[in-house]
1. Hey, among GLU4, GLU43, GLU38, which residue is more than 19 Å from THR148 (Cβ to Cβ) and part of a loop (DSSP other than H, G, I, E, B)?
2. I'm trying to understand the selection: among the residues of region 124-157, which are touching a Phe, Trp or Tyr at 6+ places or on another chain (Cβ under 8 Å) and more than 21 Å from HIS244 (Cα to Cα)?
3. Mind counting the residues in region 46-74 that are open to solvent by 50 Å² or more (accessible area, probe 1.4 Å) and either part of a helix (DSSP H, G or I) or among the small types (Gly, Ala, Ser) (or both)?
4. Can you name the condition, by its number, that GLU149 falls short on among (1) closer than 25 Å to ASN21 by Cβ; (2) not in a helix (DSSP H, G or I)?
5. Output the number of the condition that MET84 fails; it satisfies all remaining conditions of (1) part of a helix (DSSP H, G or I); (2) farther than 23 Å from THR49 by Cβ.
6. Check whether at least one residue in region 200-208 is closer than 30 Å to GLU109 by Cα and without any contact (Cβ under 8 Å) to a residue 24 or more places away in the chain, and report yes or no.
7. Which number in (1) within 19 Å of THR148 (Cβ to Cβ); (2) exposed (fewer than 15 other Cβ atoms within 10 Å of the Cβ); (3) of a type outside the set (S, T, N, Q) marks the one condition that HIS244 misses?
8. Which numbered condition in (1) small (Gly, Ala, Ser); (2) out of contact with any strand residue (DSSP E or B) (no Cβ under 7 Å at 6 or more places or on another chain); (3) open to solvent by less than 10 Å² (accessible area, probe 1.4 Å) is the only one that SER203 fails?
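The values are calculated or read from the model by the stated rules, or taken from the named source; none is laboratory data. Keep in mind the model is a prediction, meaning the values are calculated, not measured. Positions of Cβ are generated from backbone atoms using ideal geometry, with glycine treated the same way; all protein chains shown enter the neighbour counts. Ligands, DNA and RNA are excluded from the accessible area calculation, which covers all protein heavy atoms including side chains. Shrake-Rupley method; radii C 1.70, N 1.55, O 1.52, S 1.80 Å.
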Amino acid sequence: MENEINAFMIYLHNIKKTSENTEMSYRRDLVKVKNYLEEQGIEDVRKITSTNLNSYILYLEKNKFSAATISRNIASLKAFYHYMCKEGMVAEDVAETLHAPKIEKKMPEILSTDEVVRLLEQPSGDTPKEIRDKAMLELLYATGIRVTELITLKLSDVNLQMGYIVCKDSGKERVIPFGNEAKSALIRYLEGTRASMISDADSEYLFANCSGQPMSRQGFWKLIKYYAKKAGIVADITPHTLRHSFAAHLVENGADLRSVQEMLGHSDISTTQIYVNMNRNRLREVYAKAHPRH
């Protein structure tokens, strides 16, 4: 199965142009299936049956894996088998009968406008690190981009004069505007701070860590946790919380859903719809608290 997984990874990378994170996720899921089946004495993909795959899903359920994790594993298997069938590696798609468990859709954690302001005000000093952190946080909330997109932004992706960034996601580009607060923070960072932090003068990357290298996801995760604690925010926030807050606040203030979808880079508008539902729930709460005859 190892050879087939490797061939699938090459196909995802070269043909489907998937992101590195997606490829890593597929590989991780498929290697787990491979290890499980090898323990059952099955090494040849042509000998794997739908019963074998169903027993693997049952094994995940018995070991208390979440519905979301099981669904992702099933999606990985379905994509893998679709590829193998197309390439003639297997005669039939034995993953076709796998059914994903129902997942309860949780409302994403968002910050209030006041909490966002408190968070963004935390890096207020004159040190290179704080100037950089301020620019990163302001830009993240101003555009709603993903953390991976933020840390891989290049200088050429930023148009300061017109106030927008170009974001590249799986070969697709989207243009996202940003406001004056983010613009001011970026100008301050670019006017000398960046040059003093970047170890490679020819680096294309917009942001660097304290060692002068491009920042990692973990590095930014620690950064946002630090400032959230400093701002007295009780909610357990992640970098994605600012993305959710960006979208929820736009919808709350009347932005149309298609525009929000485009800025977030959602391929399906139903993913963006959750922010409308959140807004409705919030309005109900406000009504219940404020209306005298509720």
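1. Working: GLU4 fails: part of a loop (DSSP other than H, G, I, E, B); GLU38 fails: part of a loop (DSSP other than H, G, I, E, B).
Answer to the check: GLU43.
2. ILE131, ARG132, LYS154, LEU155
3. Quick first cut of region 46-74, residues open to solvent by 50 Å² or more (accessible area, probe 1.4 Å) only: 46-47, 49, 51, 54, 58-59, 61-66, 68, 72.
Subset that is either part of a helix (DSSP H, G or I) or among the small types (Gly, Ala, Ser) (or both): 46-47, 51, 54, 58-59, 61-62, 66, 68, 72.
Qualifying residue count, region 46-74: 11.
4. Failed condition: (2).
5. Unmet for MET84, out of (1) part of a helix (DSSP H, G or I); (2) farther than 23 Å from THR49 by Cβ: (2).
6. Going residue by residue through region 200-208, those that are closer than 30 Å to GLU109 by Cα are 205-208.
Now narrow it down to the ones that are without any contact (Cβ under 8 Å) to a residue 24 or more places away in the chain: none.
Within region 200-208, not a single residue is closer than 30 Å to GLU109 by Cα and without any contact (Cβ under 8 Å) to a residue 24 or more places away in the chain.
7. HIS244 satisfies every listed condition except (2).
8. It fails just one condition, (3).
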